[in-house]
Amino acid sequence: MRENRLRHQPAASGLNVQGGAYLTELKLPAVADYIVVAKRAASSLGLVVGFSLQEIDDLNIAVTQACENACAAAAQQWGSGNGQLKLTFKSRPRRLEVEVRSVPPRAVEQQQQQAVRKPHREMELDYETIGLNMIRLFVDELRYQVDDQTGSMMRMVKYLIE
């Protein structure tokens with residue numbers, strides 16, 4: 001049986017921000033129902049980079065889990081249905097960087113700008129956590145940070161492998 005692997009050619013148009021990178025940002029409510037929008041954006045940008053269907057599936061699993069974690073962090077910090085998910089996609093030659101953040105609702109954000117900020121603390125990855133282990137299986141790099149005031153941040157990198 002022969003493996004048929006579909007590979008798309010990277011697109012050559014878009015907004016180039018720095019060093020051959022294209023930046024796409026997406027803000028969504030921190031509600032699980034909106035994760036499908038994040039998955040669609042990740043899939044589309046994966047096609048632009050040139051990922052195969054298998055690589056896009058892997059990316060979708062990682063993005064879904066990262067968004068679920070960010071929604072849970074937002075609910076824990078600001079209450080269920082509050083807060084936003086901010087996704088930043090950086091398309092570079094042969095890779096896609098995805099950053100998923102939980103950000104506070106505007107009212108909390110404005111109060112925090114007036115208050116003195118505490119220093120960021122970086123959490124150690126809890127390798128016993130199923131969600132983080134799952135994400136690590138499907139991306140090439142993972143970084144996870146939590147800040148009591150500004151929420152959580154997860155940065156994932158998926159490389160194009162030929």
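The values are calculated or read from the model by the stated rules, or taken from the named source; none is laboratory data. Predicted model only: the values in this text are computed from it and were never measured. Quick reminder, even Gly has a Cβ in these numbers, built from the backbone with ideal geometry, and neighbours come from all protein chains shown. Ligands, DNA and RNA are stripped out before the accessible areas are found, and what is left, the full protein with its side chains, is counted by its heavy atoms. Shrake-Rupley method; radii C 1.70, N 1.55, O 1.52, S 1.80 Å.
Testing SER80 on (1) open to solvent by 50 Å² or more (accessible area, probe 1.4 Å); (2) at pLDDT 90 or above, one condition comes back false. Which one is that?
Unmet for SER80, out of (1) open to solvent by 50 Å² or more (accessible area, probe 1.4 Å); (2) at pLDDT 90 or above: (2).
Kindly provide the set of residues from the range 56-85 that are in a helix (DSSP H, G or I) and under 18 Å from ARG106 (Cβ atoms), ordered by number.
Narrowing the range 56-85 to residues in a helix (DSSP H, G or I): 56-78.
If the condition is that a residue be in a helix (DSSP H, G or I) and under 18 Å from ARG106 (Cβ atoms), then ALA70, CYS71, ALA73, ALA74, ALA75, GLN77, TRP78 are the ones that fit.
How about the range 39-72: which of its residues are among the hydrophobic types (A, V, I, L, M, F, W, C) and open to solvent by less than 20 Å² (accessible area, probe 1.4 Å)?
The initial filter retains those residues of the range 39-72 that are among the hydrophobic types (A, V, I, L, M, F, W, C), namely 41-42, 45, 47-49, 51, 53, 56, 59, 61-63, 66-67, 70-72.
Across the range 39-72, the qualifying residues are ALA42, VAL49, PHE51, ILE56, LEU59, ALA62, VAL63, ALA66, CYS67, ALA70, CYS71.
Is it fair to say SER102 is of a type in the set (Ser, Thr, Tyr) and open to solvent by less than 10 Å² (accessible area, probe 1.4 Å)?
Details: of a type in the set (Ser, Thr, Tyr): yes; open to solvent by less than 10 Å² (accessible area, probe 1.4 Å): yes.
Against the criterion (of a type in the set (Ser, Thr, Tyr) and open to solvent by less than 10 Å² (accessible area, probe 1.4 Å)), SER102 qualifies.
Results for (1) closer than 30 Å to LEU47 by Cα; (2) modelled with pLDDT of 85 or more; (3) crowded, with 16+ Cβ neighbours inside 10 Å, shown as yes or no for each residue.
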{"residue": "GLN111", "(1), (2), (3)": "no, no, no"}
{"residue": "MET123", "(1), (2), (3)": "no, no, no"}
{"residue": "ASN133", "(1), (2), (3)": "yes, no, no"}
{"residue": "GLN145", "(1), (2), (3)": "yes, no, no"}
{"residue": "MET153", "(1), (2), (3)": "yes, no, yes"}
{"residue": "MET156", "(1), (2), (3)": "yes, yes, yes"}
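Given the criterion modelled with pLDDT of 95 or more, closer than 18 Å to GLU141 by Cα and of a type outside the set (S, T, N, Q), identify the matching residue among LEU26, LEU87.
Numbers: LEU26 fails: closer than 18 Å to GLU141 by Cα.
Answer to the check: LEU87.
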